[in-house]
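The structure appears below as structure tokens.
No value in this document is a laboratory result; all are computed from the given coordinates. Owing to the predicted nature of the structure, the values given are computational and were not obtained by experimental measurement. Every residue, glycine as well, gets a Cβ built from its backbone with ideal geometry; the counts of neighbours run over all protein chains shown.
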Ligand SMILES: [Zn+2]
């Protein structure tokens, strides 16, 4: 490909900064790794762009458990003088793929992950002799296999409800989990919104 051809093929209508904003709009708890894959840039570049957006006030970044949680400042104006007075919110709405609530999608996905760990715990043999049985944390992080010790009574109490999971304190995600009980070594959470339906649907005890 000649340089002229290359230049013709490489330009885009939407800058990487806007692509990153769109990723965040779709999933406010997205990881840098996922942004990098979706935009087609390195994780380092994604990190730099997010830092730019935060610094310029387009994105607010907060820590939620072990993840970053982003909020887009929709009322902030675009940067080029030609777009003076235009806010970014409507631009993002225009470019988003669907109007189906991304929050619901995310809650569904989290409920699926947590249900997979519940399934795993349901196959664990209860230790009838010791005081505890060691289970795995049922948080939404697929990579988390941290142990949680529960008595049979505690475990059965949690399993009695189709929408009830236990996680290590700090592994809950405010957007998808409602904490309903705080024990010393675990929290009991309930899935919010669309996640609740998934949790109930996937309950191995009622299927
Ligand atoms: Zn966990």
Could you check the range 158-173 and list, in sequence order, the residues that are within 15 Å of the ligand (Cβ to nearest atom), within 16 Å of residue 196 (Cβ to Cβ) and in a loop (DSSP other than H, G, I, E, B)? 172, 173
Take the residues in the range 18-46 that are in a loop (DSSP other than H, G, I, E, B) and free of Cβ contacts under 8 Å to residues at least 12 places away in the same chain, then tell me which one is farthest from residue 64 (Cα to Cα). 40
Could you list, in sequence order, the residues of the range 97-114 that are more than 14 Å from the ligand (Cβ to nearest atom) and either outside any helix (DSSP H, G or I) or touching a helix residue (DSSP H, G or I) at 6+ places or on another chain (Cβ under 7 Å) (or both)? 97, 98, 99, 100, 101, 102, 104, 107, 108, 111, 112
Could you please give the count of residues in the range 176-192 that are in a loop (DSSP other than H, G, I, E, B) and surrounded by fewer than 19 Cβ atoms within 10 Å (Cβ to Cβ)? 3
